[in-house]
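Student: Have a look at this one before I ask anything.
What follows is calculated from the coordinates using simple rules that are stated; it is not laboratory data. Everything numeric here is computed off the predicted structure, so don't read it as measured data. As a convention, Cβ positions derive from the backbone with ideal geometry for all residues, glycine included, and neighbour counts pool all protein chains shown.
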Amino acid sequence: MAKQLRITYGEALAELGESDRRIVVVDADMAEGTRTIDFKKRFPRRFFDVGIAEQNLVGVGAGLSLTGLISFVNTFAWLLTLRAGDPVRTLVAYANTNVKLAAGYGGFSGPMDGASHESITDIAVMRAMPGLVVLSMGDHWEVKMALQAVTRYVGPVYLRLSRAAVDNFHSTGTNFEIGRGIILREGPDILFITTGPITGRVIEASGKLARKGIDVEIIEIHTIKPLDKALILREAKRIGRVITVEEHSVIGGLGSAVCELLSETSPLPVRRMGINDTFGETGPYEELLDLYGLSVDDLVKAATDMLEKED
Amino acid sequence: MNQKKPKELEQLRKLAWKMRIDSLKMIYNASSGHIGGSFSAAELLTALYFYRARLKPENPDWEMRDRIYVSKGHCAPILYAILAERGYFDREELGSFRKLGSRLQGHPVRGKLPGIEMSSGPLGLGASVSVGTALGFKLQRIDSLVFCLLGDGEIQEGIVWEAAMSAFKYRLDNLVFILDYNGFQLSGSISDTMPLEPVCEKWKSFGWQVTQIDGNDMKAVVEAFDSIERPDYSSPAKEREDCQPTIIIARTRKGYGVSFMENDSRWHGKVPSKEEYERALDELNDRIKGEDDGQTTQNNIR
């Protein structure tokens, strides 16, 4: 069984706490789930639990940051972006504080609790906040690299995490830089632009497509904002067909960001794959993704359909 | 308790009236802004900035400064007037309040203007921020105090009580809330809109040390601030049970100082006509003269 992404987050955060004493962690009774429990055990004085109070969670994180500390504020993505929406806007984005909003259980990754606990609107909400850097994590390598990068970066960051069990799809020699997309696979036929753990499925689909003689390119976007416009424009224009894939509503997420960009300068066909403006439900993670239109076969079909339409 | 020299008190009182005049002018000039809640907090904020808080206006980011979070951001006019008077920026800039391109935004913005510690306006948030800052100071053994000015209607916000619980959990004896209890909010009286009473008992039951004063009486305000101890990290730590956050429940009058504005919720955000403006100015100037004549104003209250 592959390792859950949240486990890596917990381990990496605790390691970072060792090398940077300015790091403090705030949680809202979710340390077992968000895995800040590792940091709590090693640095109990630098760990604060505000109980089940997400607005105060963000306010306390912002207040800590104003004393020169680097606050990592943790809870589930939907609570952080919706229950604490105003504190995030006013005290983090608008006040431009050095707060890192670490959002666990992105997308369908906490699925047994049902749609109330799934987060399919967080990127849309966070992306609209001026001044906020929005990151979306796909594998273990990325989580470790991103944690170091956001600690160096002075300013507010939204870091979307996941409970999903995933394998690394990045090779360790890859360069991680906030705002830079990563080309995972090159090919001339269709450009897949993807983010998060669902990238693993896109890679699987690319293998199946290759066996059908369709050679696709994959760009993984870990920074939804600021978007790597240059890379996306260059590759999209060259290839001419784009499919975006995300574990998020098709409204307001990566697909929207790509369409906004392309429609202004180089309109071309884009198929957005994600949650189609509907709530999820309780069920096993992988099966839920299949049920809501994000199976490997769905991805393969989207690509073949796009090519057939042109014939 | 050290006895304040009458001279110092007199100066602070006059300053509070002057700050009211400055904020009245700003609001009239901008045709926008909140008079009622600026006037009720005049003595509280004047005493904080000119008397109690450890500040260096010439070095606004000085690490050892006390932090003042003005959570009721709508009293920006009097806050700006005080910051200018205290030397954070030029008084001439007060005329730009609420004008396009001004650093003196409708509600204060962090990073925009020297002396503004945090963006505020959306009510309740300052309570939570001040808890975080007090935690940060304790962790780093910085002996700064954290003051947070809250409006009375503001504590209807749930986040205030989340913050209150967490301040007690972490025994933040370096944290002071000041409640500007003027009794009115936008829609009318507090008691009609959403009563706070029994307010002292509420805070006590949350584990806070509660002091109740007349918040427009400069002597009482100064004495309340005098009773706040600065944490001393060089001496042995206090017993945990002895560490409590403090709230000063300051009974004030909304619009205090101008007879026709006092205790009238319409003056929460109303802009005076030319005639009202001139009458208000006259009344406030009379108050300053009254201080010169030695009439202490605390006796006029209630």
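Student: Across chain B, where is the longest run that never hits GluC sites (Glu not before Pro) in a DSSP loop with at most 14 other C-beta atoms within 10 Å?
Tutor: Result for the longest clean stretch: B:64-228.
Student: Which one, B:77, B:210, A:283, is farthest towards the positive end of the dipole of the protein assembly as shown when Lys and Arg carry +1 and Asp and Glu -1 on their Cβ?
Tutor: B:77
Student: Please tell me the relative contact order of chain A in percent, rounded to the nearest whole number, where contacts are Cα pairs under 8 Å and at least six residues apart. Intermediate values should be presented prior to the final figure.
Tutor: Numbers: 657 pairs, mean separation 51.2, N = 311.
Normalised by residue count, the contact order of chain A is 16 percent.
Student: What whole-number distance in Å separates the alpha-carbon centres of segment B:174-237 and segment A:279-311?
Tutor: One Cα centre to the other: 58 Å.
Student: Given a cut-off of under 8 Å on Cα pairs at least six residues apart, what relative contact order in percent is computed for chain B?
Tutor: That works out to 24 percent.
Student: How many percent of DSSP beta bridges within the protein assembly as shown run antiparallel, rounded to 5? Don't jump to the answer; show the numbers that get you there.
Tutor: Numbers: 9 of 67 bridges.
Once the DSSP bridges in the protein assembly as shown are tallied, antiparallel ones form about 15 percent.
Student: Run lengths n ≥ 4 of DSSP H only: what is the helix-derived mean residue ellipticity at 222 nm for chain A, with -39500 (n - 2.57) per run over all residues, to the nearest 500?
Tutor: -11000 deg cm²/dmol
Student: A follow-up question, please. Classify segment A:3-166 as rounded, prolate or oblate from the Cα gyration tensor: take a ≥ b ≥ c as the square roots of its eigenvalues, call it rounded if a/c is under 1.5, otherwise prolate when a/b beats b/c and oblate if not.
Tutor: rounded
Student: List the GluC sites (Glu not before Pro) in segment A:189-281 that DSSP assigns to loop (not H, G, I, E or B) and whose Cβ has at most 15 other Cβ atoms within 10 Å. Which are they? Each step should come with its number before you reach the end.
Tutor: On the way: sites: A:204, A:217, A:220, A:235, A:246, A:247, A:260, A:264, A:281; in loops: A:281.
Those satisfying the criteria are A:281.
Student: Measure nothing fancy, just the Cα-based angle from helix B:158-169's long axis to the longest principal axis of chain B, in degrees from 0 to 90, nearest 10.
Tutor: 40
Student: Also, quick follow-up: Nearest-5 percent of antiparallel DSSP beta bridges in segment A:3-166? Let's see the in-between values first.
Tutor: Numbers: 2 of 24 bridges.
Close to 10 percent.
Student: Still on this structure: Do the alpha carbons of any pairs in B:25/B:72; B:56/B:138; B:18/B:72; A:144/B:169 sit beyond 25 Å of each other, and which pairs?
Tutor: In this structure, A:144/B:169 exceed 25 Å between Cα atoms.
Student: Only four residue types carry charge here, +1 at the Cβ of Lys and Arg and -1 at the Cβ of Asp and Glu. Report the dipole size of the protein assembly as shown about the Cα centre in Debye, rounded to the nearest 20.
Tutor: Around 1340 debye, computed over the protein assembly as shown.
Student: Another question about this same structure. Starting from the Cα-Cα distance between residue B:283 and residue B:169, subtract it from 0.36 nm times their residue separation and give me the gain in nm to one decimal.
Tutor: Between residue B:283 and residue B:169, full extension yields an extra 36.4 nm.
Student: If I take every Cα pair under 8 Å that is 6 or more residues apart in segment A:3-166, average their sequence separation and divide by the length, what percent do I get for the relative contact order?
Tutor: Result for segment A:3-166 is 27 percent.
Student: Quick one: helix B:125-139 against the long Cα principal axis of chain B, what's the angle to the nearest 10°, folded into 0 to 90?
Tutor: Rounded to the nearest ten degrees, it is 40.
Student: Relative to the compact-globule scaling 2.2 N^0.38 Å, provide the ratio for the alpha-carbon radius of gyration of the protein assembly as shown. If you can, show how the numbers build up before the last one.
Tutor: Numbers: Rg = 27.8 Å, N = 613, 2.2 N^0.38 = 25.2 Å.
With N residues counted in the protein assembly as shown, Rg over 2.2 N^0.38 Å equals 1.10.
Student: Let me ask you something else. Using Cβ contacts closer than 10 Å as the measure, can you line up B:238, B:202 from fewest to most? Numbers along the way, then the final one.
Tutor: Values: B:238 13, B:202 16.
In increasing order of surrounding Cβ atoms, one gets B:238, B:202.
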